[in-house]
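S.K.: Below: one structure in structure tokens.
All of the numbers you see were taken from the coordinates with simple rules; none came from a lab. Predicted model only: the values in this text are computed from it and were never measured. Here the Cβ positions follow ideal geometry from the backbone for every residue, glycine too, while neighbour counts run over all protein chains shown.
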Amino acid sequence: MALRKIVEQGEECLTKVCRPVTAFNAHLHELLDDMLETLVDANGAGLAAPQVGVLRRACLVLDEDAGEYIELINPEIVESSGEQTGLEGCLSVPGKWGIVTRPNVVKVRAQDRDGGWFEVEGEGLTARAFCHEIEHLDGHLYTEHIDHFLSEDELRAYLEEEEGE
């Protein structure tokens, strides 16, 4: 396993639609293992292959309830419900935050590292991360959903308000 460089906003690979994964082999397993090491090192909630410069439909998402990472290959959202509005950031847009509205519950159909199909459902932060990471695979960033980045004062006030609830 190895740490990979996380590319940042402005890099062309973040604006491209990723190709489906068709080979479930050692190369894919190495990519997923490297992405996990990179994500854990960055203390993030999710990471998509284009964020490490690979234009394939693969991502990892932290399942907040289980405390483990889910590997999603060729994922698609098959169901969503409810609504949540909250703070969102991105490892490819370091140090910046915005407020984004997403579904509160999301069901995803995807393949595992060996090509087997499965469905997984997430709520809250996990649902937010599913949406965020799958958007990366289509060349989109969360910044398309915000009207402005939060200033340091706005971020502090938001976090204080969340703590008080």
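S.K.: Summing Lys, Arg as +1 and Asp, Glu as -1, what charge do residues with Cβ under 14 Å from the Cβ of residue 77 carry, residue 77 excluded? Don't skip to the answer; put the middle values down first.
M.R.: Values: positive: 57, 102, 107, 109, 128; negative: 76, 79, 119, 121, 123, 133, 135, 138.
Summing Lys and Arg as +1 and Asp and Glu as -1 gives -3.
S.K.: Using +1 on the beta carbon of Lys and Arg, -1 on that of Asp and Glu, and nothing else charged, what's the dipole of the chain about the Cα centre, debye to 20? Intermediate results must be reported in sequence, preceding the final value.
M.R.: Values: 13 positive and 35 negative charges, 183 e Å.
Value, rounded to 20: 880 debye.
S.K.: What aspartates and glutamates sit close enough to residue 16 to cross-link, taking a C-alpha to C-alpha distance under 19 Å and skipping anything fewer than 8 places away on the same chain?
M.R.: By straight Cα distance, residue 16 reaches 8, 76, 133, 135, 138, 144.
S.K.: What list of ³J(HN,Hα) couplings, whole Hz, do you get for the stretch 87-94 from phi and the Karplus terms 6.51, -1.76, 1.60, once you set θ to phi - 60° and write x for glycine and proline?
M.R.: My calculation for the stretch 87-94 gives 5, 9, x, 7, 4, 8, 10, x Hz in order.
S.K.: Given a cut-off of under 8 Å on Cα pairs at least six residues apart, what relative contact order in percent is computed for the chain? Could you put the intermediate results ahead of the total?
M.R.: On the way: 313 pairs, mean separation 38.7, N = 165.
It rounds to 23 percent for the chain.
S.K.: Rounded to the nearest angstrom and ordered from largest down, what semi-axes does the equivalent ellipsoid of the stretch 12-164 get from its C-alpha gyration tensor (root of 5λ)? Write down the numbers at each step before the final one.
M.R.: Working: eigenvalues 137, 57, 40 Å².
After diagonalising the Cα gyration tensor, the semi-axes are 26, 17, 14 Å.
S.K.: Per residue of the stretch 111-122, what does 6.51 cos²θ - 1.76 cosθ + 1.60 with θ = phi - 60° give for ³J(HN,Hα)? Whole Hz please, x for Gly and Pro, Karplus curve as stated.
M.R.: 10, 8, 5, 9, x, x, 7, 8, 10, 9, 10, x
S.K.: Determine the sum of side-chain charges near residue 144: Lys and Arg each +1, Asp and Glu each -1, restricted to other residues whose C-beta is under 12 angstrom from that of residue 144. List each step's numbers first, then the result.
M.R.: Numbers: positive: none; negative: 88, 135, 138, 147.
Charge balance in the 12 Å sphere: -4.
S.K.: Show me, bin by bin at 5 Å from 0, the whole-percent P(r) of the stretch 1-76 based on Cα pairs.
M.R.: 3, 16, 27, 26, 19, 7, 1
S.K.: Could you give the distance between the Cα centres of the stretch 24-83 and the stretch 114-165, to the whole Å?
M.R.: Computed from Cα coordinates, the inter-centre distance equals 14 Å.
S.K.: Give me, ordered by chain and number, the residues 5 or more places off residue 4 or on other chains with an amide H under 5 Å from its own placed amide H.
M.R.: 38
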